[in-house]
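Only one structure is covered here, and it is reproduced in the block below.
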Amino acid sequence: MAKIIVVTSGKGGVGKTTTSAAIGTGLAQKGHKTIIIDFDVGLRNLDLIMGCERRVVYDFVNVVKGEASLKQAMIKDKRTDGLFILPASQTRDKDALTQEGVEEVLKGLAEDGFEYIVCDSPAGIEKGAQLALYFADEAVVVTNPEVASVRDSDRILGILQSKSQRAEQGDEPVGEHLLLTRYDPLRVKNGEMLSVEDVNDILAIPLLGVIPESQAVLKASNQGIPVILDKETEAGQAYSDAVDRLLGETREHRFLELPQRGFFRRLLGVPA
Amino acid sequence: MSILDFFRAKDSENSASVARERLQIIVAHERGRNQQPDYIAKMQEEILEVIKKYIDIDQDQVTVQLDDTDDCSVLELNVVLPDEKAVETG
């Protein structure tokens, strides 16, 4: 049985696609056959983040409309074995996706032997975002330590709890996981940024991981390489930890504190 | 706390705690509202239309609240009526 994971947030620009790419890649690296689906019809970007934008021939909407088979539309990732990408369409027709159509595609993928289906949600709470989360078993709620993002995350949690298939059918609720991204321990220490405890207090869902603010994320997206593959960086390592936790392993949270600094740096308040 | 921190302006101090307090309030408020059924907002509008036929009031002077307890639901309708004089002269 395939497990469906939605990566969602409500607010745009918090790192949903970066996270979808990282988590999908991480799951495949762990030996699980995984596909990442871009639900952002009209504004596809997962292909760019995964570095496969020039290999897109058919897309999600083509499959839903029966214009192409799943096999034709799926792109096999060149870096990671067992990883596939299903790109979104660039059509301007917002109603191109239907609930029945999405359900068919998900069924087809499960029959194809996929263990994990990662749904990269568009921003907002409109139809596209609702479709992305409707069939989910687990939800990764990507949140920045910032007021607008936290409020929108709470809103999307409300929708998960009332508008998902699991909610409508009265099944076990969608598993909720908080992923705090763009975290800056220095600003938290100086009282300029909400801490992981603050956000956790307000949203009150289990913490999947904290991804520190890192130049590696932009560098990775520039190159079209999921940041989780950059094992040297804190962001890459933090994503690896998050994937391990998603798979049920215990990993201590890292990068929440400032790195130790020398006496003079500390005296002058120079960031490490 | 470094020596430089000590001389920095105090007004930027701990904006995070302001953010936390504002969020706690708004999130609690919105959770209460979002847990109501979808028809409440529509019903509030229609009730307002009916009241407007008789009394001159604003949108924010009517609140509709559905409270669910274990074995009963209470629909609370709160209308703030303008004072007599205002009605007569207005």
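The values are calculated or read from the model by the stated rules, or taken from the named source; none is laboratory data. Note that the coordinates shown come from a computational prediction; the quantities given were computed from them, not determined experimentally. No Cβ is skipped: glycine too gets one built from the backbone with ideal geometry, and neighbour counts run over all protein chains shown. Remember, those area values only see protein heavy atoms, side chains included, never the ligands or the DNA or RNA. Shrake-Rupley method; radii C 1.70, N 1.55, O 1.52, S 1.80 Å.
For the reader, a short list of remarks on this structure follows.
- Considered as a group, the residues in segment A:93-123 that are aliphatic (A, V, I, L, M) and open to solvent by 10 Å² or more (accessible area, probe 1.4 Å) include one that is nearest to A:G12 (Cα to Cα), and that residue is A:A123.
- None of B:I47, B:I40, B:I25 is within 29 Å of B:L81 (Cβ to Cβ), more than 9 Å from chain A (Cβ to nearest Cβ) and at pLDDT 90 or above except B:I25.
- Selection within segment A:214-227 - surrounded by fewer than 19 Cβ atoms within 10 Å (Cβ to Cβ) and over 21 Å from A:K78 (Cβ atoms): A:Q215, A:L218
- Any chance B:T89 is away from chain A (no Cβ under 14 Å), open to solvent by 70 Å² or more (accessible area, probe 1.4 Å) and at pLDDT below 70: yes
- Cβ pairs under 8 Å, 6+ apart, first in segment A:2-29 and within 14 Å of A:I211 (Cβ to Cβ), second of a type in the set (F, W, Y): A:T19/A:Y239; A:A22/A:Y239; A:I23/A:Y239; A:G26/A:Y239
- Any pair with Cβ under 8 angstrom, 6 or more apart, that starts in segment A:110-134 at a residue that is of a type in the set (S, T, N, Q) and ends at one that is surrounded by fewer than 18 Cβ atoms within 10 Å (Cβ to Cβ): A:Q130/A:K163
- Scanning segment B:1-22 for residues that are open to solvent by 60 Å² or more (accessible area, probe 1.4 Å), within 7 Å of chain A (Cβ to nearest Cβ) and modelled with pLDDT of 80 or more yields B:N14, B:R20, B:R22.
- Residue list for segment A:26-38, restricted to those being out of contact with any strand residue (DSSP E or B) (no Cβ under 6 Å at 6 or more places or on another chain) and either part of a helix (DSSP H, G or I) or open to solvent by less than 30 Å² (accessible area, probe 1.4 Å) (or both): A:G26, A:Q29
- Those helices (runs of 4 or more DSSP H) lying entirely in segment A:131-204 with at least 1 residues within 11 Å of chain B (Cβ to nearest Cβ) and either modelled with pLDDT of 95 or more or open to solvent by 60 Å² or more (accessible area, probe 1.4 Å) (or both): A:147-163, A:185-189, A:196-203
- Looking across segment A:161-190, the residues that are touching a residue at least 40 places away in the same chain (Cβ under 8 Å) and touching a helix residue (DSSP H, G or I) at 6+ places or on another chain (Cβ under 8 Å) come down to A:V174, A:H177, A:L179, A:T181, A:Y183, A:V188.
- Identity of the residue in segment A:198-210, under 23 Å from A:I23 (Cα atoms) and not aliphatic (A, V, I, L, M), that ends up farthest from the chain's Cα centre (by Cα): A:N200
- A single entry from A:V6, A:V57, A:V14 fulfils the requirement of being of a type in the set (A, V, I, L, M), surrounded by fewer than 19 Cβ atoms within 10 Å (Cβ to Cβ) and not in a helix (DSSP H, G or I): A:V57.
- Qualifying residues in segment A:238-261 (those that are among the polar types (S, T, N, Q) and open to solvent by 50 Å² or more (accessible area, probe 1.4 Å)) - the one farthest from A:T25 (Cα to Cα): A:Q260
- Scope segment B:19-42; condition assigned to a helix (DSSP H, G or I) and acidic (D, E); matching residues: B:E21, B:E30
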